Amino acid sequence: MTNVEYGISMLHCLNKPFNKMTNQLTHLDTKIVELVDDGLHTLNKRRISILKEIKKSYGIKFTVHAPFADVNISSPSKPLRNFMIKRLKRSMHFAKSLDAKLWVLHPGIKTGISMFYPGEDWKQNKKTIELLDNHAKKLDIQIAIENLPKKYGFIMNTPEDFKRFYAESPSNDIGIVLDTGHSNLEGQTESFLRQLSEKILHIHISDNNGEDDQHLGLGKGNIDWSLFAKILSEIKYRKTIMIETVENVNESLNKIQKLLNY
Ligand SMILES: [Mn+2]
């Protein structure tokens, strides 16, 4: 089988300064790299010109992970939400200037007042995604929403949540980033792959013990990677597989490539 593209997320060196990260990304075994627009790697104009040079010299293609620390797209506070939307649009513009083929967004999170307003988080989550998607269309950028675990308060956890979103929202062109670590916490990896394969544009892979989102190397947690590979070949998955572990990055890449054998 052909056409699966492998990439590596720079999340594994988010604790290192930006210039160390850019140095590292030129030595990776893949030509697709996911940049994390947050923490020490937060993008700005100067950094974008450095990354453009790297892209040209090394033929690297980028995807961009939107900022996520303290970002809640379903925040009940309008001024805070507006500020976050502004920040997210800025990230999208940076992605555009790098010709990124995908911009990865986390869904909204419940807050301390959610219980008083049932259903409001969901509504606001949908509204903000639609607003961001309209902006993305103007920029000709593809957005994909990542599944995040319920235990950390996120509101799009299961295939049912995503199906509900697609049923209710006009933003049907939005894709899904399936995060295997997150879906493992919900016991939903197989159902995501079987039920939403058409929508999955990108897969973040990392392992965990089924309890916490540890971003372990493949084989260090309890995910059955042979089964995962078998399902991918059954559904004829042909998009991106992005290593999103914080350790054993190259080993994880080799392992999944061997298992998929394509
Ligand atoms: Mn992820």
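Brief remarks on what is shown
- Between Lys31, Lys126, Lys20, the GNM of the chain built on Cα springs shorter than 10 angstrom shows Lys20 fluctuating the most.
- In a fully extended conformation the segment linking Leu131 and Lys52 would gain 25.7 nm over its present Cα-Cα distance, using 0.36 nm per residue.
- Lys/Arg +1, Asp/Glu -1 at C-beta; the stretch 38-187 dipole; positive extreme among Trp122, Ser75, Val64: Val64
- Per-residue ellipticity at 222 nm computed for the chain from its helices equals -13000 deg cm²/dmol, with DSSP H segments shorter than 4 residues left out and the rest contributing -39,500 (n - 2.57).
- For Lys89 and Asp173, the FRET efficiency from 1/(1 + (r/R0)^6), where r spans their Cβ atoms and R0 equals 25 Å, is about 0.90.
- Distance between the modelled labels on Asn261 and Leu227, one decimal in nanometres: 2.0 nm (7 Å Cα→Cβ projection).
- Total charge dipole magnitude, the chain, about the Cα centre, Cβ charges on Lys, Arg, Asp, Glu only, Debye to nearest 20: 1140
- Surface/4 estimate of mean projected area, convex hull on alpha-carbon atoms of the chain, nm²: 13.2
- Sequence ranges 246-256, 218-228, ranked by mean other-Cβ count within 10 angstrom, highest first: 246-256, 218-228
- For the chain, share of DSSP beta bridges that run antiparallel, in % to the nearest 5: 5
- Pairwise label distance in nanometres, Thr26 with Lys110, each label 7 Å out on the Cα-Cβ vector: 4.8
- Neighbour counts of C-beta atoms inside 10 Å place Ile235, Ile60 in the sequence Ile235, Ile60, starting with the fewest.
- Fully extended contour minus Cα-Cα distance, from Tyr166 to Asn15, at 0.36 nm per residue: 50.8 nm
No lab work stands behind these numbers, since they all come straight from the coordinates. Everything quoted here is computed from the prediction, not taken from an experiment. When we count neighbours, we look across all protein chains shown, and the Cβ atoms used for this are built from the backbone with ideal geometry, even at glycine.
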